[in-house]
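Each remark here refers to the structure printed beneath this line.
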């Protein structure tokens, strides 16, 4: 979003006080009224940035996790992840005697999975993790675009792994899921930091609090699509090439169906980025045709595939692809809501 420069004249009040008026549209946008407080931040270039309300610099804290009471499977992993997502940069895991092997394995695994999080200190009784990520260097929509591109590729590759009986492609999808997960967790971290710090929100391209909610829906929809594509890849490995025995017309139908859904995902995300309300509406309408095609393919599978194991596997794959179409509908709905945050040709604003 381009930033508008606006000039204002400095006025003198009384003997020595200088004032500058605030832009009316900005005051209305952030709901400021007489008597409210604003915060000034001095920038290195000599300028200042104004924020509505009180904002404070984040304290430099160390967040200490007691490993001894993290006795349930993966509990330590989830607590470390939650600390990372809420913007905690220094995380220390401690034990009274020694950290168990299971806890050390969880720490190493989670540090590999989360972008920019690394082990900086380690002893028998403690491990310190440090996040080296500068949140302002990762614009939110750039991250979501990367995630959308990866999951589109995952869907295409996973379905090909099934119909072409290529397990190496299925393995590649599972590797791609690891990268998709890293980007997803980074997006969530950015969104939570944007709630806590208006400066971060501005730097990563979030225009207002409502966009945090919408972006959370979009990110979760994309992440769920990645999980579905990964499940298709797992089915490809389980079927072990059995799909080669299926009628070529049926496998071509599954391929065409996945291509149709992949295009729907891309179009819904592009409509969001361009603020195209008509395109968003078209994407939602296309979901119904995908559901009809899913039912048709399911009937074909049940009618023509005699091996029960193969029929169940193909039915599961078609269902997974259909669920991805439904998640794209959520993205298009957010796009329509966002378009109506300001007056437009579709919806004018008039005072009652």
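Quick note: the coordinates plus some simple rules give every number you see, no bench work behind them. The structure displayed is predicted, hence computed values, not measured ones. Cβ coordinates were reconstructed from backbone atoms using ideal geometry, including for glycine residues, and neighbour counts include every protein chain displayed.
Stretching residue 352 away from residue 6 to a fully extended chain increases their span by 121.5 nm, per 0.36 nm per residue minus the current alpha-carbon distance. Between residue 132 and residue 39, the simple label model (points 7 Å from Cα in the Cβ direction) yields a spacing of 2.9 nm. Given R0 = 22 Å, the distance between the Cβ atoms of residue 86 and residue 337 translates into a calculated FRET efficiency of 0.25. Compared with the direct C-alpha span, the chain from residue 344 to residue 202 gains 48.7 nm at full extension, assuming 0.36 nm per residue. Any chance you could give the angle, 0 to 90 degrees and rounded to 10, that helix 140-163 forms with the longest Cα principal axis of the chain? Long axis of 140-163 versus the principal axis of the chain: about 0 degrees. Which FRET efficiency value, to the nearest 0.05, is calculated for residue 68 and residue 113 with the Förster distance at 30 angstrom and r the Cβ-Cβ distance? E(calc), rounded to 0.05, equals 0.80.
Take 250, 191 and order them by how many other Cβ atoms sit within 10 Å, fewest up front.
Values: 250 18, 191 21.
Arranged by neighbour count, lowest to highest, 250, 191 become 250, 191.
Which FRET efficiency, nearest 0.05, do residue 17 and residue 145 yield, Cβ-Cβ r, R0 41 Å?
My answer for the efficiency is 0.30.
Working note: 222 nm ellipticity from helices only, DSSP H runs with n ≥ 4, each -39,500 (n - 2.57), summed and divided by the residues of the chain, gives -20500 deg cm²/dmol to the nearest 500.
Taking label points 7 Å from Cα along the Cα-to-Cβ direction, residue 195 and residue 296 give a separation of 4.3 nm.
Taking other Cβ within 10 Å of each residue's Cβ, how do 202, 137 sort, fewest first? Write down the numbers at each step before the final one.
On the way: 202 16, 137 8.
Ascending Cβ contact count within 10 Å gives the list 137, 202.
Counting only DSSP beta bridges whose two residues both lie in the chain, roughly 80 percent are antiparallel.
Ordering 119, 301, 69, 232 from the fewest to the most neighbouring beta carbons within 10 Å gives 69, 119, 301, 232. Between residue 285 and residue 323, the simple spin-label model (points 7 angstrom out along Cα→Cβ) gives 2.9 nm. Once both axes come from the Cα atoms, what is the angle between helix 209-239 and the longest principal axis of the chain, in degrees from 0 to 90, rounded to 10? Roughly 20 degrees between the two axes. Helix 75-85 and the longest principal axis of the Cα set of the chain meet at an angle near 50°.
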